[in-house]
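Below is one structure, written out as C-alpha cells, with a few remarks after it.
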C-alpha cells in the first residue's frame, strides 16, 4: 500500500488523500449502521453508533481475511453534520480504539435520511487484502 501525498500539500489529519495498491483481493463492504448483530441499536448516541459501525465493518472484513490495516476507503453518510462535529472528540477516540492509527481515504457526506430508522450514520468501506 502506498499512501499518496502530493508535494507541498498540508498533511491531512485523520485520513489520507489517496492510496495506491498493487495485487490482492478488493473487498467492498456494504454500508454498515451502528446496530448490533441482531439489528438492534444499543444507543442513539452518534459516537456509540459510529464505533459499532466500524466494528461491523471489521467483522465483515475478517471474513475476507483482512483487518483495519487493509481498508483503503471509508465513506460516511451522516444525518446531521452538526451532530457529527459535536461528537468529533468521542469519534476520534472510538476510531483509534477500533482502527488503530490507520487512516485510509475518507469522505463524510450529510444526507437527508437513512433507510434504517434510528440510524445516525452509515459507513461503506473498500479494502484490499493481500493475496
Given the conditions (1) at pLDDT below 95; (2) touching a helix residue (DSSP H, G or I) at 6+ places or on another chain (Cβ under 8 Å), report the number of the one that residue 50 does not fulfil. (1)
Starting from segment 113-131, take each residue that is on the phi < 0 side of the Ramachandran plot and touching a residue at least 24 places away in the same chain (Cβ under 8 Å) and list its partners that are part of a loop (DSSP other than H, G, I, E, B) and surrounded by 21 or more Cβ atoms within 10 Å (Cβ to Cβ), counting only C-beta distances under 6 angstrom and pairs at least six apart or across chains. 127/66; 129/66
Got a sec? Which of 16, 43 is surrounded by 13 or more Cβ atoms within 10 Å (Cβ to Cβ) and over 17 Å from the mean Cα position of the chain (by Cα)? 43
Working carefully through the options 14, 8, 23, find the one that is in contact (Cβ under 8 Å) with a residue 40 or more places away in the chain, farther than 22 Å from residue 80 by Cα and assigned to a loop (DSSP other than H, G, I, E, B). 23
Considering only residues that are assigned to a loop (DSSP other than H, G, I, E, B) and modelled with pLDDT of 95 or more, look in segment 118-131 and name the one that is surrounded by the fewest Cβ atoms within 10 Å (Cβ to Cβ). 118
For segment 65-110, give me each residue that is surrounded by 13 or more Cβ atoms within 10 Å (Cβ to Cβ), over 16 Å from the mean Cα position of the chain (by Cα) and either without any contact (Cβ under 8 Å) to a residue 40 or more places away in the chain or not in a loop (DSSP other than H, G, I, E, B) (or both). 83, 86
Could you run through segment 26-40 and say how many residues are part of a loop (DSSP other than H, G, I, E, B) and either surrounded by fewer than 11 Cβ atoms within 10 Å (Cβ to Cβ) or touching a strand residue (DSSP E or B) at 6+ places or on another chain (Cβ under 9 Å) (or both)? 5
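The values are calculated or read from the model by the stated rules, or taken from the named source; none is laboratory data. Nothing here was measured: the structure is a model prediction, and the numbers come from that model. A quick note on method: Cβ atoms are made from the backbone with ideal geometry, for glycine too, and the neighbour counts reach across all protein chains shown.
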